[in-house]
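The values are calculated or read from the model by the stated rules, or taken from the named source; none is laboratory data. What you are looking at is a predicted structure, and each value in this text was computed from that prediction instead of being measured. Here the Cβ positions follow ideal geometry from the backbone for every residue, glycine too, while neighbour counts run over all protein chains shown.
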Amino acid sequence: MTVDDLWPILRDAVRARRASSPGAFGLRPDGHMDSAAQQLFELFEPLLDLGRTADGWVVAQLGQSLDGCVATRSGDSSFINGPENLLHLHRLRAVCDAVIVGARTVAIDDPRLTTRRVPGPNPIRVLLDPNLRLGEHVESARVFNDRQAPTLWLCDARWQDRAVARVGIDRVLAVDDLLRDDTTLHLPNAVRALRARGLTRLFVEGGGVTVSRFLAQRCLDRLHLAVAPVIIGDGRRGLQFSGPARLADCARPPCNVHPMGSDHLWDLDLRAST
Ligand SMILES: NC(=O)c1ccc[n+]([C@@H]2O[C@H](COP(=O)([O-])OP(=O)(O)OC[C@H]3O[C@@H](n4cnc5c(N)ncnc54)[C@H](OP(=O)(O)O)[C@@H]3O)[C@@H](O)[C@H]2O)c1
C-alpha cells in the first residue's frame, strides 16, 4: 500500500467519529504498507485514537526555526518548512472540521486555509479576533472572498452587531465571555462554541501567539512542532507564555519524532501530560 492508497482511507477514518478500530477501515499497519505509508499512518494514528476516546479534539501545528521562531521580524514565514510539511499541513486541514488562525496571521499572510495540495474537503475557516482588530481589512481577506469554504469571524459577544454589520450574520461567531476582565482571552469558551456548531475536530494553525494561548490554557490535545534547519534570530516567537520557575515543573509531554524532508516533526501528546 502506498501513501496515495492509504491517504483517503486514513482521512475518512479520522473524520469518522468514534471509529471502532483502524481495521474497520481496512487499515493494517504492517508489511502491507511501504515505508512512506507506514510513516503517514504513524503520524495520524494518534488522531484516530483520539476520535475513539473523545467527543472532540484540538490539534495545533507550528513550523519553526531551530531558534524557535515562526517568522522573521517583518512577519515573513514563507516558507520556513519544506514541501513535505506543507503537504502535512494540508492533510491536517483535511481531517478537521475547522482551521483556526490568529488575527495577525490573517493581517500578514492573508492565507486561504484550503486543502488544495491533497484530496480532501476544505475545513471551515475561523479567524480568531476577539476584539475585531482586523477592522475594515476583514472584508478583503481571501477567506471571505474565494468561495472555497465557509469562514467565521470569531469574536467576543460584545462586538456581535459590529461584526455582523461588516460580514453578515452567517459569517460571525460571537462568543459569550470570550474576553474576561475586558482583556483576557478565555479559549475554552471558543472551543465550546465551535463544538456547539458541530465543529468537533479543530486545527489551530498559528501564529505563535494563538498556539501559545491554546497551549497555556490547556486547550490542546496534540501539538505538531515542525522544526526546520534554519536560524532566524530576532523573529516572531513560536511558543511563548509564562512558564514555571523551576525546570522540574516544566512540561515534558510524551512525543514521537518524525523525519519530514529536511525538517523534523515533533508530535506532542498533551492530553497525557495534563
Ligand atoms: N510558521 C508557522 O507555522 C506560522 C503559522 C501561522 C502564522 N505564522 C506567522 O506568524 C505571524 C503571526 O503570528 P503571531 O503570533 O504574531 O500572531 P497570531 O497568533 O496570528 O495572532 C494573534 C496576535 O495578533 C495580534 N493582532 C490582532 N489583530 C492584529 C492586527 N490587525 N495587526 C497586528 N496584530 C494583530 C493579537 O493581539 P491582541 O491579542 O492584542 O488582539 C495577538 O497578539 C505571521 O508573521 C505569520 O506569517 C507562522
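Taking region 179-206 as the range and being modelled with pLDDT under 95 and polar (S, T, N, Q) as the test, the residues that pass are T183, T184. Give me the residue from region 79-121 that is more than 30 Å from P188 (Cβ to Cβ) and not in a helix (DSSP H, G or I) and, out of that set, farthest from the ligand (Cβ to nearest atom). Once the filter is applied, the top-ranked residue is P119. Among the residues of region 148-169, those that are under 21 Å from G198 (Cβ atoms) and not aliphatic (A, V, I, L, M) comprise Q148, P150, T151, W153, C155, Q160, G168.
Of the residues I108, I124, I169, the single one that is surrounded by fewer than 18 Cβ atoms within 10 Å (Cβ to Cβ), among the hydrophobic types (A, V, I, L, M, F, W, C) and out of contact with any Gly (no Cβ under 6 Å at 6 or more places or on another chain) is I169. Given (1) among the β-branched types (V, I, T); (2) surrounded by fewer than 19 Cβ atoms within 10 Å (Cβ to Cβ); (3) away from the ligand (no atom under 12 Å from the Cβ), identify the lone condition not met by T184. Checking T184 against (1) among the β-branched types (V, I, T); (2) surrounded by fewer than 19 Cβ atoms within 10 Å (Cβ to Cβ); (3) away from the ligand (no atom under 12 Å from the Cβ), the one that fails is (3). The single condition among (1) closer than 26 Å to H88 by Cα; (2) surrounded by fewer than 17 Cβ atoms within 10 Å (Cβ to Cβ) that C219 does not meet is (2).
Of the listed requirements (1) closer than 30 Å to L10 by Cα; (2) buried (at least 20 other Cβ atoms within 10 Å of the Cβ), D129 misses just one: (1). Taken over region 212-244, the criterion of being within 12 Å of the ligand (Cβ to nearest atom) and of a type outside the set (A, V, I, L, M, F, W, C) is satisfied by S212, R213, H224, G235, R236, R237, G238, Q240. Per this entry, D67 is not counted among residues that are of a type in the set (D, E), within 28 Å of S212 (Cβ to Cβ) and at pLDDT below 95.
When the criteria are applied in full, L127 meets the requirement of being within 16 Å of the ligand (Cβ to nearest atom) and at pLDDT 95 or above.
Only one of the listed residues (S74, S35) is over 16 Å from T210 (Cβ atoms) and within 13 Å of the ligand (Cβ to nearest atom). That residue is S74. Annotation: of all residues in region 111-120 being in contact (Cβ under 8 Å) with a residue 40 or more places away in the chain and farther than 20 Å from V70 by Cβ, the one that is surrounded by the most Cβ atoms within 10 Å (Cβ to Cβ) is G120.
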